[in-house]
Amino acid sequence: YKMDSARNKCVLLTGGAGYVGSHTIIPLIESGYEVVVLDNLSNACKGDNGQNPIPITQVEKLVNKQVIFYDVDLLDYNSLSKVFDKHLFCCVIHFAGLKAVGESCINPLTYYRVNVSGSINLFQVMKEHNVKQLVFSSSSTVYGEPQFLPITESHPVGQNLLNGYAKSKYYIEGILQDLCNSDKEWFVIILRYFNPVGAHPSGTLGEDPTGVPNNLMPYVAQVAIGNRPYLNVFGNDYNTIDGTGVRDYLHVMDLVDGHVSALKKILNSDEHGAVAINLGTGKGYSVLQVIEMFSQISGRKIDFHIVDRRSGDCASSYCDASFAKKYLGWEAKRTLKEMCEDTWRWQSLYPQGFSTKK
Ligand code: WQD
């Protein structure tokens, strides 16, 4: 069966209309894969009168190829199974899930239903269709409060996790480990993202959060473009270079290249089991350093107010990415400057994002 899957190059992207998912379609198609996207559009901009969602249409323009899209929810077992009846997938890249940290503290059950039960449905349908190769979108939040830096894959996981989002990712990782232990045909690569930011350099695709952005970069971009008066800086009394939080920002195009490397690893090797890999630059930047860089590249003043710390935040988080280099032959190449430039180009072309529902 391995031979079949290696020969056929049809990949399913769950959550493929989302920020990282939609960007991933581009290098996959450019590498000769056929891409099928499944998304319930709970966090992506719907197209007009039954058209494909806008991020998919934008990607089709970029790659000049049609992308097969299904408006399907992972919790809808039968519809999900029908998609697998129609296509012989060599691999699944599982992006679909809710990811707002604050919201997950308010609605934990929703996060466990969508993220964990949705994933269990997916893995069950994959098993029934003998599709046992998976790239899973996980998060550095499974490490909890860093006990040492830089964070390697041997750092403990699942300890003092502060929110339902982080726990849902941790639980799904555990389910995948158990699945692989129970059936040696599974090969799963778990990618632990640090902080994805930026946009495709064309500026026609980008992070398009609905409502008030939770994350730093989209918020800074909206201040720069004039949609928001100022940024709240959540604390400047951390033990860091300038007192503000330090994070490992990773350009989304580097991140998606990591997924293509993981896919190629899966299709070209006879390994089995689940392996977790950090995807980050290994460099940390503070909030003030990001503000300064963004202001420089945009030529706009970024007003900010120092306010109280945000609960659940840690002072510093950045990774040791040497295992990704060794195991996948992958390393991040794009700089913070490029992350800001590409974000700014997107924000300038689409001041209101794709949707008017801001
Ligand atoms: C970065 C820094 C904030 C907003 C989270 C999730 C992670 C992933 C990325 C989902 C911190 C500061 C932020 C603002 C600020 N999400 N900040 N003002 O918290 O490192 O990671 O988002 O996949 O799983 O945990 O990212 O961008 O929210 O914050 O001062 O308006 O910017 O305190 O130091 P975070 P972030």
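Checked against (1) small (Gly, Ala, Ser); (2) modelled with pLDDT under 95; (3) assigned to a strand (DSSP E or B), Ala276 passes all but a single condition, namely (2).
When segment 141-185 is filtered for residues that are of a type in the set (Gly, Ala, Ser) and within 25 Å of Leu267 (Cα to Cα), the ones remaining, listed by number, are Gly174, Ser182. Residue check: Tyr219 meets all listed conditions (1) within 14 Å of the ligand (Cβ to nearest atom); (2) in contact with a His (Cβ under 8 Å, 6 or more places away or on another chain) but one, namely (2).
Only residues that are within 11 Å of the ligand (Cβ to nearest atom) and aromatic (Phe, Trp, Tyr) were counted across segment 286-325, and they come to 2.
Of the candidates Glu173, Glu153, Glu185, the single residue that is in contact (Cβ under 8 Å) with a residue 12 or more places away in the chain, of a type in the set (Asp, Glu), closer than 26 Å to Leu122 by Cβ and within 15 Å of the ligand (Cβ to nearest atom) is Glu173. Residues considered: Gly245, Gly158, Gly211, Gly206. Of these, the only one that is away from the ligand (no atom under 11 Å from the Cβ), touching a residue at least 24 places away in the same chain (Cβ under 8 Å) and in contact with a helix residue (DSSP H, G or I) (Cβ under 7 Å, 6 or more places away or on another chain) is Gly206.
Considered as a group, the residues in segment 298-328 that are closer than 23 Å to Tyr193 by Cβ and aliphatic (A, V, I, L, M) include one that is surrounded by the fewest Cβ atoms within 10 Å (Cβ to Cβ), and that residue is Ala315. Every test in (1) of a type outside the set (Lys, Arg); (2) touching a Lys or Arg at 6+ places or on another chain (Cβ under 8 Å); (3) surrounded by 15 or more Cβ atoms within 10 Å (Cβ to Cβ); (4) under 28 Å from Gln58 (Cα atoms) is passed by Trp186 save one, and that test is (4). Going residue by residue through segment 303-325, is there one that turns out to be assigned to a helix (DSSP H, G or I), in contact with a Ser or Thr (Cβ under 8 Å, 6 or more places away or on another chain) and under 20 Å from Ala221 (Cβ atoms)? No: zero hits.
The values are calculated or read from the model by the stated rules, or taken from the named source; none is laboratory data. These numbers were taken from a predicted model, which means no experiment stands behind them. When we count neighbours, we look across all protein chains shown, and the Cβ atoms used for this are built from the backbone with ideal geometry, even at glycine.
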